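Since the structure comes first, as structure tokens, the remarks are kept for the end.
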Amino acid sequence: MREHDHEPIPGLPEVLPAGETILWQGAPDRGALARRALHVRTIGWYFAALAAWRGLSLASDGAAAGDIAAGAGLLLILGAAAIIPLALYAWAAARSTLYTITDRRVVIRAGVALPMSFNIPFAAIEAAGLKLHGGGVGDIALRLVPNQKIAYVLLWPHARPWRFARPEPMLRCIPEAERVAQLLSRALAAATEAPVQPLELPADQPIGAERPAAAMV
């Protein structure tokens, strides 16, 4: 039996109530998750720079070519030893994650070793925002109302970085993020009497009353 075969509907821990409809389901892009959540590219460049510096340092000291290659190669090996587990974790995290948007809630099913589902009704969402990266991939962050809180350690890597005191769930590194944001904006507007306020992110596109869904094209 596969790990999620017990789910009545993929990505959901139980059957939806009568009248509730799934609007969208998706998962993180594995490569983008590795780069942006686990920073494998940054780590790779760091070790590459260290290897280059070590090689130049040995060369300036008059070391033999074999010693230069060995010194730089050791740092590259250490870098690979750091990057490979992170890349594998990103692959496993993306494989085990499924985001769901219905006309009443957002559900995040995640967890590599211990799968969990986070149910976020629209009424619990105070603000939302979209941050685009490249190739249509982006993040949708959800700020919860003050009396709602999910532990950051449980959410990670599906959480907005550095928001520890008030964690913000995030649909992270999803393809076609702008289209999904438009869909969520329309669903929030239809389901809530009070418009959801836009959430400010660097270089992002807010989702909420100040930017109607019809304008998000």
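The values are calculated or read from the model by the stated rules, or taken from the named source; none is laboratory data. Because the structure is a prediction, the values reported are computed rather than measured. Neighbour counts run over all protein chains shown; Cβ positions are idealised from the backbone, glycine included. Heads up: the accessible areas ignore ligands, DNA and RNA and are worked out on the full protein's heavy atoms, side chains in. Shrake-Rupley method; radii C 1.70, N 1.55, O 1.52, S 1.80 Å.
Per-structure values
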{"item": "Angle in degrees between helix 65-96 and the longest Cα principal axis of the chain, rounded to the nearest 10", "result": "10"}
{"item": "Per residue accessible area of the chain, 1.4 Å probe, in Å²", "result": "53"}
{"item": "Tilt relative to the chain, helix 40-60 - C-alpha long axis, 0 to 90 degrees, to 10", "result": "10"}
{"item": "Phi-based couplings in Hz for segment 11-24 (Karplus 6.51, -1.76, 1.60; Gly and Pro marked x)", "result": "x, 10, x, 8, 5, 5, x, 4, x, 8, 10, 6, 9, 6"}
{"item": "Protection proxy ranking of 119-126, 148-155, 31-38 - average other beta-carbon atoms within 10 Å, highest first", "result": "31-38, 119-126, 148-155"}
{"item": "Percent accessible area from carbon and sulfur atoms, the chain, protein chains only, probe 1.4 Å", "result": "62"}
{"item": "Highest to lowest packing among 66-72, 172-178, scored as the average C-beta count within 10 Å", "result": "172-178, 66-72"}
{"item": "Amide H contacts under 5 Å for GLY138, placed H, 5+ residues apart", "result": "HIS133, CYS173, ILE174, ALA177"}
{"item": "Fluctuation leader among ALA87, ALA190, ALA159 - the chain, Gaussian network, Cα springs under 10 angstrom", "result": "ALA190"}
{"item": "Nonlocal amide H pairs with PHE118, under 5 Å, H built at 1.01 Å", "result": "ILE108, ARG109, ALA110"}
{"item": "Highest-fluctuation residue, GLY79, GLY138, GLY19 considered, GNM on the chain with Cα pairs under 10 Å", "result": "GLY19"}
